[in-house]
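Sharing a structure here in structure tokens format.
The values are calculated or read from the model by the stated rules, or taken from the named source; none is laboratory data. All of these numbers come straight from a predicted model, not from anything done at the bench. Methodologically, a virtual Cβ is constructed for each residue, glycine included, from the backbone with ideal geometry; neighbour enumeration extends over all protein chains shown.
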2 protein chains.
Amino acid sequence: MKSVGVIVEYNPFHNGHKYHIDETRKKTNADCVVAIMSGNFLQRGEPALVSKWSRTKMALEAGIDIVIELPYAFATQKAETFANGAISLLNALHCDEVCFGSEHGTINEFIMTVDFMKKHQETFDKYLKEAIKEGNSYPKAASLAYLSLSNDEKYLDLSKPNNILGYHYVKAIIEQKSKLIATTIKRTSAEYHDEVFTHTSIASATSIRKALFSTKGNLDEIKNFLPETTLSLLTAYYDEYKQFHQWEDYFGLFKYRLLTSNPAELALIYEVEEGIENRLLSTIKVSTSFKDFIERIKTKRYTWTRLQRLCLHVLTHTTKNEMLNIKENKSASYIRLLGMSQKGQKYLNLIKKKVDLPIISKLSAHKDDLLHLDSKATQAYLSIFPEPLRSKLLHDEYSTPPIRYNEKNNFFIQ
Amino acid sequence: MKSVGVIVEYNPFHNGHKYHIDETRKKTNADCVVAIMSGNFLQRGEPALVSKWSRTKMALEAGIDIVIELPYAFATQKAETFANGAISLLNALHCDEVCFGSEHGTINEFIMTVDFMKKHQETFDKYLKEAIKEGNSYPKAASLAYLSLSNDEKYLDLSKPNNILGYHYVKAIIEQKSKLIATTIKRTSAEYHDEVFTHTSIASATSIRKALFSTKGNLDEIKNFLPETTLSLLTAYYDEYKQFHQWEDYFGLFKYRLLTSNPAELALIYEVEEGIENRLLSTIKVSTSFKDFIERIKTKRYTWTRLQRLCLHVLTHTTKNEMLNIKENKSASYIRLLGMSQKGQKYLNLIKKKVDLPIISKLSAHKDDLLHLDSKATQAYLSIFPEPLRSKLLHDEYSTPPIRYNEKNNFFIQ
């Protein structure tokens with residue numbers, strides 16, 4: 001059985017994602033498509049719109065065969081760490097290929113650029129340091145350093161977000177000495193950060209979320225951009241839980257947490273650096289919303305995304321110490337299975353014996369440092385629900401087996 | 001000007017408290033009555049029903065001349081520490097007397113009992129240790145040890161809650177070498193812990209709170225037990241803030257806090273001892289309310305009150321380290337003025353020059369370790385309000401001067 005991996009957030013799943021899955025199958029001729037998906041919180045430091053369970057169902061109905069949770073320790077990080085975690089999971093699952101969407105669209109330049117960068121690492125680092133000294137944020141500085149190094153057209157345009165991710169996937173494959181073959185599909189439309197609709201059936205997840213929150217659960221405006229399954233799963237989620245998740249929902253907890261912490265405690269939190277804890281503490285008192293808060297502390301160096309991630313680690317109380325082993329190992333230590341189709345199950349049965357990491361079906365049976373971070377993240381994610389719903393969902397998280405999807409007759413078992 | 005101190009919670013102010021003030025004036029012939037009052041959280045480890053500002057108004061209208069906040073570090077502790085803080089504040093304010101309500105009703109036996117206990121401290125400690133070893137809670141063990149030591153009628157009945165407090169007031173006066181003269185008034189009815197109404201005009205604060213919560217802000221059932229001012233202040237509070245405060249309102253925050261802390265961090269919290277942090281963590285997951293939670297962890301040794309206090313310190317994130325200097329100093333380091341009548345203002349002007357502690361009118365101008373605990377407590381107390389109300393009230397706490405009450409024309413300035 002040939003398998004291919006995709007690395008996703010599905011926040012929420014939309015027609016662009018469906019296109020990516022279909023093209024991936026066509027291009028790779030794979031029998032089994034494995035998705036490594038962020039869990040409760042996403043790479044930009046935000047809560048997922050709906051639970052990972054709901055997003056797993058969206059993925060399975062759209063043709064994904066296996067959904068694996070990317071641990072919090074990787075999912076909420078800059079591209080390099082995010083990529084390291086995701087690629088290590090595809091390795092562990094013995095996938096043959098990985099196929100990612102990119103603005104660039106052909107794979108050779110990714111490999112050439114990684115190679116080129118490896119050769120010029122020192123010069124790049126020097127430029128990077130200079131650009132950071134000039135007060136640029138890390139991503140901006142990296143982009144400037146890269147431009148100084150080479151503006152040759154044979155290399156990638158690393159100002160594009162999906163090119164950056166792809167670059168780090170390829171780099172991780174090489175560094176991890178992985179057998180994964182990388183391929184890429186050109187993204188046809190809808191830029192990652194688009195906030196308005198510019199296409200008739202494909203829109204960015206950002207613009208879809210924006211519409212969802214402004215219409216308070218009314219899906220009419222976005223229905224052209226989502227598969228029917230996503231639409232009905234989103235409707236079901238809103239009906240059952242009375243909300244989609246966004247940072248503002250967590251602001252009350254976040255503010256409470258900050259205001260009952262002292263600077264020394266905050267300095268232990270991951271990504272809280274350079275004395276920013278004092279600015280967090282003085283600013284939070286007068287901030288009446290999360291947006292208000294971030295706007296007050298945002299600077300050229302501290303981008304919105306960097307601040308969101310940092311705030312997320314405050315919310316989940318993730319310390320530098322807890323993140324330490326990630327920095328050292330750069331790879332996942334378990335495989336958290338969220339869902340599978342019948343084909344996915346067959347694939348897992350085939351590879352099971354040669355998989356070196358524990359495959360986690362039920363959380364309650366396992367202990368692991370990384371898993372503890374996921375567990376805290378889930379607890380924070382569920383904290384906005386009223387009781388007894390909150391306790392019920394927390395219990396489900398520990399006791400529920402993965403979602404099984406019968407793709408022939410189109411139904412779920414959970 | 002002669003001054004007398006009373007030590008109170010006023011949660012809420014009721015006819016029994018009014019009787020206590022009037023009898024105190026009669027008995028002591030004092031010109032000025034100073035109340036040392038708990039702030040956001042009370043001795044039994046609970047949030048105050050309404051804000052300290054509202055309770056200050058109740059007190060001023062009923063004849064109190066000066067309202068001073070008993071710092072969190074004393075207000076939320078066992079009787080001994082509570083008494084030490086309160087008596088140290090009355091000392092600092094150069095009060096002539098202190099007058100407390102007690103079941104016993106005459107002062108001599110308090111002094112004799114303190115004296116007797118001092119002489120038999122070692123034997124008492126031995127009995128206490130034995131009783132604790134047998135699995136009794138601290139208050140139960142203390143009561144048993146005391147009974148073993150003496151059942152002579154000339155000593156106090158220290159199984160009564162107000163006798164216990166009075167005993168510790170007198171003990172603190174002696175230990176602090178204070179010039180305060182202690183007097184006591186016999187409580188005529190309504191036991192401290194009564195949950196039902198047994199009298200026509202006096203009821204315990206416990207029974208009043210119980211009725212308030214069960215009728216959701218409807219005050220008809222309790223109007224006979226409260227002065228009109230209390231009634232209208234309670235109504236105004238409910239109209240403005242849509243609630244009275246109780247532990248259940250803080251359960252969501254508390255659960256979030258526990259679930260995103262690890263055992264080692266919890267063990268740093270004040271009163272978290274003997275590995276109870278592990279039981280807190282395993283129990284909170286399945287608990288759907290505060291009551292549910294306490295009932296699950298309550299044992300013979302861990303009484304409801306002890307657990308409530310411990311949970312409160314978790315909620316406000318008060319560490320053992322932060323409480324350390326209290327244990328050592330046993331006295332307050334500032335005087336936080338919440339309100340005063342014109343007579344109270346006159347008294348303060350008279351004594352101002354000989355007061356050794358800073359008198360705090362506006363929080364924003366001061367820094368102090370104890371004050372920091374009060375500040376965190378306020379932040380936790382206000383955390384259940386929606387924005388922008390929460391930010392407004394927090395701002396008020398820092399910037400608002402004390403309430404001034406014109407007793408002749410019966411109006412407030414704040």
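Quick test for you: out of A:335, A:269, pick the one residue that is crowded, with 20+ Cβ neighbours inside 10 Å and either in the same structural domain as residue A:409 (by TED's automatic domain parsing) or small (Gly, Ala, Ser) (or both). Break it down into steps so the answer makes sense when it comes.
Working: A:269 fails: either in the same structural domain as residue A:409 (by TED's automatic domain parsing) or small (Gly, Ala, Ser) (or both).
Among A:335, A:269, only A:335 is crowded, with 20+ Cβ neighbours inside 10 Å and either in the same structural domain as residue A:409 (by TED's automatic domain parsing) or small (Gly, Ala, Ser) (or both).
Here is a follow-up. Among the residues of segment B:356-378 satisfying the criterion of being free of Cβ contacts under 8 Å to residues at least 60 places away in the same chain and part of a helix (DSSP H, G or I), which is farthest from the other protein chains (Cβ to nearest Cβ)? Please lay out each step first, then the result.
Quick first cut of segment B:356-378, residues free of Cβ contacts under 8 Å to residues at least 60 places away in the same chain only: B:358-369, B:372, B:375.
Filter again for part of a helix (DSSP H, G or I), leaving B:363-365, B:369, B:372, B:375.
On the way: B:363: 12, B:364: 11, B:365: 16, B:369: 11, B:372: 8, B:375: 9 Å.
Top of the filtered list is B:365.
Based on what the data block shows, is residue A:31 closer than 21 Å to residue A:181 by Cβ, surrounded by fewer than 21 Cβ atoms within 10 Å (Cβ to Cβ) and of a type in the set (D, E, K, R)? Let's see the steps before the verdict.
Numbers: closer than 21 Å to residue A:181 by Cβ: yes; surrounded by fewer than 21 Cβ atoms within 10 Å (Cβ to Cβ): yes; of a type in the set (D, E, K, R): yes.
Criteria met by residue A:31.
Does residue B:64 fit the bill of being among the hydrophobic types (A, V, I, L, M, F, W, C) and either surrounded by fewer than 22 Cβ atoms within 10 Å (Cβ to Cβ) or in a loop (DSSP other than H, G, I, E, B) (or both)? So that I can check it myself, show each step before the final result.
Working: among the hydrophobic types (A, V, I, L, M, F, W, C): yes; either surrounded by fewer than 22 Cβ atoms within 10 Å (Cβ to Cβ) or in a loop (DSSP other than H, G, I, E, B) (or both): yes.
Yes.
Could you run through segment B:308-335 and say how many residues are among the hydrophobic types (A, V, I, L, M, F, W, C) and without any contact (Cβ under 8 Å) to a residue 40 or more places away in the chain? Step through it out loud before you land on a result.
Of segment B:308-335, the ones among the hydrophobic types (A, V, I, L, M, F, W, C) are B:310-312, B:314-315, B:323-324, B:326, B:332, B:335.
Those left that are additionally without any contact (Cβ under 8 Å) to a residue 40 or more places away in the chain: B:324.
Summing the residues that are among the hydrophobic types (A, V, I, L, M, F, W, C) and without any contact (Cβ under 8 Å) to a residue 40 or more places away in the chain in segment B:308-335 gives 1.
May I ask you to list the residues in segment A:139-160 that are crowded, with 16+ Cβ neighbours inside 10 Å and not in a loop (DSSP other than H, G, I, E, B)?
A:139, A:140, A:141, A:142, A:143, A:144, A:145, A:146, A:149
Kindly provide the set of residues from segment A:244-264 that are more than 20 Å from the chain's Cα centre (by Cα) and crowded, with 19+ Cβ neighbours inside 10 Å, ordered by number. If you could, list the steps in order and put the result at the bottom.
Step one: list which residues in segment A:244-264 are more than 20 Å from the chain's Cα centre (by Cα), which gives A:251-264.
Across segment A:244-264, the qualifying residues are A:251, A:252, A:253, A:254, A:255, A:256, A:257, A:258, A:259, A:260, A:261.
Sticking with this structure for a sec: Quick one: how many residues across segment A:260-290 are over 25 Å from residue B:384 (Cβ atoms) and of a type in the set (Lys, Arg)?
Result for segment A:260-290: 1.
From the list A:289, A:261, A:232, which one is farther than 25 Å from residue A:136 by Cβ and touching a His at 6+ places or on another chain (Cβ under 9 Å)? Step through it out loud before you land on a result.
Working: A:289 fails: touching a His at 6+ places or on another chain (Cβ under 9 Å); A:232 fails: touching a His at 6+ places or on another chain (Cβ under 9 Å).
Checking each option against the conditions leaves just A:261.
Here is a follow-up. Based on this model, can you work out whether residue B:300 counts as at the interface with chain A (Cβ under 10 Å from one of its Cβ atoms) and at pLDDT below 95? Working first, answer last.
On the way: at the interface with chain A (Cβ under 10 Å from one of its Cβ atoms): no; at pLDDT below 95: yes.
No: the conditions fail for residue B:300.
Among what's in segment A:379-401 and is touching a residue at least 24 places away in the same chain (Cβ under 8 Å) and in a loop (DSSP other than H, G, I, E, B), pick the residue that is surrounded by the fewest Cβ atoms within 10 Å (Cβ to Cβ).
Among those residues, the one meeting the criterion is A:401.
I've got another one for you. May I ask you to say which residue of A:110, A:82, A:100 is in contact with a Leu (Cβ under 9 Å, 6 or more places away or on another chain), among the hydrophobic types (A, V, I, L, M, F, W, C), surrounded by 22 or more Cβ atoms within 10 Å (Cβ to Cβ) and not assigned by TED's automatic domain parsing to the domain that holds residue A:350?
Checking each option against the conditions leaves just A:110.
What tally of residues in segment A:244-275 results from selecting those that are in contact (Cβ under 8 Å) with a residue 40 or more places away in the chain and more than 14 Å from every other protein chain (Cβ to nearest Cβ)?
5
Confirm whether residue B:282 is modelled with pLDDT under 95, surrounded by fewer than 17 Cβ atoms within 10 Å (Cβ to Cβ) and more than 25 Å from the chain's Cα centre (by Cα).
Values: modelled with pLDDT under 95: yes; surrounded by fewer than 17 Cβ atoms within 10 Å (Cβ to Cβ): yes; more than 25 Å from the chain's Cα centre (by Cα): yes.
Answer is yes for this residue.
Take the residues in segment B:364-378 that are surrounded by 17 or more Cβ atoms within 10 Å (Cβ to Cβ) and among the hydrophobic types (A, V, I, L, M, F, W, C), then tell me which one is modelled with the lowest pLDDT.
Only one residue fits best here, namely B:370.
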